[in-house]
Number of protein chains: 2
Amino acid sequence: MYKQIIIVRKDLDITKGKIAAQVAHASISAYLKTEKKHPEYVSSWLEDGQKKIVLKIDTKQELLELFETIKNRITCALIKDAAHTQLKKPDITCLGIGPIPETEIDKFTSKYKLL
Amino acid sequence: MYKQIIIVRKDLDITKGKIAAQVAHASISAYLKTEKKHPEYVSSWLEDGQKKIVLKIDTKQELLELFETIKNRITCALIKDAAHTQLKKPDITCLGIGPIPETEIDKFTSKYKLL
């Protein structure tokens, strides 16, 4: 079974609409990277109904540590908001991962709770 | 200038994480449909930084009326949640539109507020 995971920082003061837009940005960006590296993952995921899980993480530091841990073995996209609307300065908001087989990603992300 | 618009129902009792997942679903689905019909829209939108606007709408009926109005002239994807998690029965949650030139869509969506 394949899924896409998006992990969002809890420590940002942004609306739920802004969060949703950031998550969609992560979803599309991770999708496009995965389509190039693992087109077979993308096909299976779309056939399965494009399962997506949105998780939360406490801080930017924790999100960056996770990114450093997985970036060389798992296709993912770190999203930085340009601060044209709600944020006061450009900042990292979330991380999009995959689609990827559940067995490959759960060991890294199972400790995070649903947003 | 190109943008993607996602319009979400306000009258659903779901978490912000669930809203974000539905918006990402709409974003990917509308993207894939537009890629087939108007690949030139998709290329321009990605180059411009994939602008996304998340709006809210009062009721399901209003969302369906909007969908009926635009569906034959504008590429869009109506999203139905299967109710595996928070909803009690399968239901329509949101509508993904484009990417599309702003001048073609604003007349239909400018009355809706940001989520």
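The values are calculated or read from the model by the stated rules, or taken from the named source; none is laboratory data. Since the model is a prediction, treat every value here as computed from it, not as a measurement. Please note: Cβ atoms are built from the backbone with ideal geometry, for glycine as well, and neighbour counts cover all protein chains shown.
With at negative phi, at pLDDT 95 or above and not small (Gly, Ala, Ser) as the only criterion, which of A:Leu87, A:Leu78 stands out? It would help to see each step written out before you state the result.
Working: A:Leu87 fails: at pLDDT 95 or above.
Step by step, each of A:Leu87, A:Leu78 is checked, and only A:Leu78 is at negative phi, at pLDDT 95 or above and not small (Gly, Ala, Ser).
Please work out which residue is nearest to the chain's Cα centre (by Cα), limiting yourself to the stretch B:79-114 and to residues that are small (Gly, Ala, Ser) and over 18 Å from B:Gln50 (Cα atoms).
Residue satisfying both the conditions and the ranking: B:Ser110.
Could you check, for the stretch A:62-71, whether at least one of its residues is under 15 Å from the mean Cα position of the chain (by Cα) and within 14 Å of chain B (Cβ to nearest Cβ)?
no
Which of the residues that make up the stretch A:41-80 are basic (Lys, Arg) and touching a Lys or Arg at 6+ places or on another chain (Cβ under 8 Å)?
A:Lys51, A:Lys52, A:Lys56, A:Lys60
Hand me the list of strands (runs of 3 or more DSSP E) wholly inside chain B holding 1 or more residues that are acidic (Asp, Glu) and surrounded by fewer than 19 Cβ atoms within 10 Å (Cβ to Cβ).
B:91-101
Okay, residues lined up against (1) closer than 22 Å to A:Ile28 by Cβ; (2) not aromatic (Phe, Trp, Tyr):
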residue: B:Ile19; (1), (2): yes, yes
residue: B:Leu46; (1), (2): yes, yes
residue: B:Lys60; (1), (2): no, yes
residue: B:Cys76; (1), (2): yes, yes
residue: B:Ile97; (1), (2): yes, yes
residue: B:Phe108; (1), (2): no, no
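Restricting attention to the stretch A:18-33, does a residue exist that is touching a helix residue (DSSP H, G or I) at 6+ places or on another chain (Cβ under 8 Å) and either more than 10 Å from every other protein chain (Cβ to nearest Cβ) or farther than 28 Å from B:Lys56 by Cβ (or both)?
For the stretch A:18-33, residues touching a helix residue (DSSP H, G or I) at 6+ places or on another chain (Cβ under 8 Å) and either more than 10 Å from every other protein chain (Cβ to nearest Cβ) or farther than 28 Å from B:Lys56 by Cβ (or both): absent.
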